[in-house]
Amino acid sequence: IMGKLPSCALGAAIAFTILAAPADAQEKRTYYYASQLQGHPYLLDSLLGMDYAASKFGVDIVSIGPQGWDPVGHAEAVEQAIAKRPSGIVTTLWEPGAVPAIKRAMEQGIPVIVIEAVVPDNGAMTFIGLDNYEAGVDTAKALIAVGGDTGKLVVSGNWGASNTDAKFQGLMDHLKANSKWELLGRVDDKATTETAIDAAKTMYNTYQDMTGIVGLDSSSGTGICLAAEELEKDITELAVVVNDREAPVLECIEAGDIDATVVNKTALQ
């Protein structure tokens, strides 16, 4: 957690060991990272992690798929990867559109690993990434730490995305059990900067008695802060807790507009 909170460790960590034969002892392997949102700033560190892994283990990792939110294009990218007969496929599952392709790859002997977000019955070997429910719990703990145990809350997120929905469930479960925070409403920011700004403007105009704001996806905090700037609205008295680390979020934490952010180690996964 980054922000004004006391130094502490929240949430669960993952640890794993990868054993690989020396690069010169085997034919060079090629893996595909087939996903959507390839151009989203949130995933830049994931791509850096892929580059590090390729160098570390002496393999090639090819990234394919749509730059934006495109479930159909995502599924097609996994199908294209299958046709290349790679050593393995890495993908994401914010929604289930690519599940049939994942199961087809596995049936053909191509191992598939899901990172970042997952859905049930996906057919892949395993999931490596954040426990998004627990990230929601950590977000609730941060909100209580900076805003107390009572208030009126509005939440911004990319509703329908598996990781966002899991974070929201963890957030609300923990608040219900440990506080008297009241949920006034939710706004849908689609995990894109422009929509997040518009959603936050709607939030400020609609819920004028709110005392706390939570943003659950990478663009939420950016929208919450930049919309306040455009509206010349002072939000420093509100308890504002977001997720992830887009550049505007870090700048707004330094300025005091955002109190804290809960960050996923995307490169590590």
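The values are calculated or read from the model by the stated rules, or taken from the named source; none is laboratory data. Just so it is clear, the model here is predicted, and its values are computed rather than measured. Methodologically, a virtual Cβ is constructed for each residue, glycine included, from the backbone with ideal geometry; neighbour enumeration extends over all protein chains shown. SASA here: full protein model, heavy atoms, side chains in, ligands and nucleic acids out. Shrake-Rupley method; radii C 1.70, N 1.55, O 1.52, S 1.80 Å.
Where both bridge residues fall in the chain, DSSP classifies roughly 5% of the beta bridges as antiparallel. Remind me, relative contact order of the chain in percent, using alpha carbon pairs under 8 angstrom and six or more residues apart? Once normalised by length, the contact order is 18 percent.
Subtracting the Cα-Cα distance of Arg85 and Thr236 from 0.36 nm times their residue separation leaves 49.0 nm of extension gain. Calculated accessible area for the stretch 23-161 comes out at 44 Å² per residue, all protein chains present (probe 1.4 Å; ligands, DNA, RNA ignored).
Which whole-number percent gives the relative contact order of the stretch 172-269, counting Cα pairs below 8 Å spaced six or more residues apart? Working shown, then result.
Working: 130 pairs, mean separation 22.1, N = 98.
Across the stretch 172-269, relative contact order equals 23 percent.
Counted by Cβ distance under 14 Å from Leu231, the other residues give a net charge of -4, where Lys and Arg count +1 and Asp and Glu count -1.
Rolling a 1.4 angstrom probe over the chain with all protein chains present gives an accessible area of which 52% lies on carbon and sulfur atoms.
On the basis of the beta-carbon distance and an R0 of 30 Å, Asn205 and Leu47 show a calculated FRET efficiency of 0.25.
Would you check the chain for Lys pairs whose C-alpha atoms are within less than 20 Å, ignoring same-chain pairs closer than 8 in sequence, and give me the count? Count of close lysine pairs: 22.
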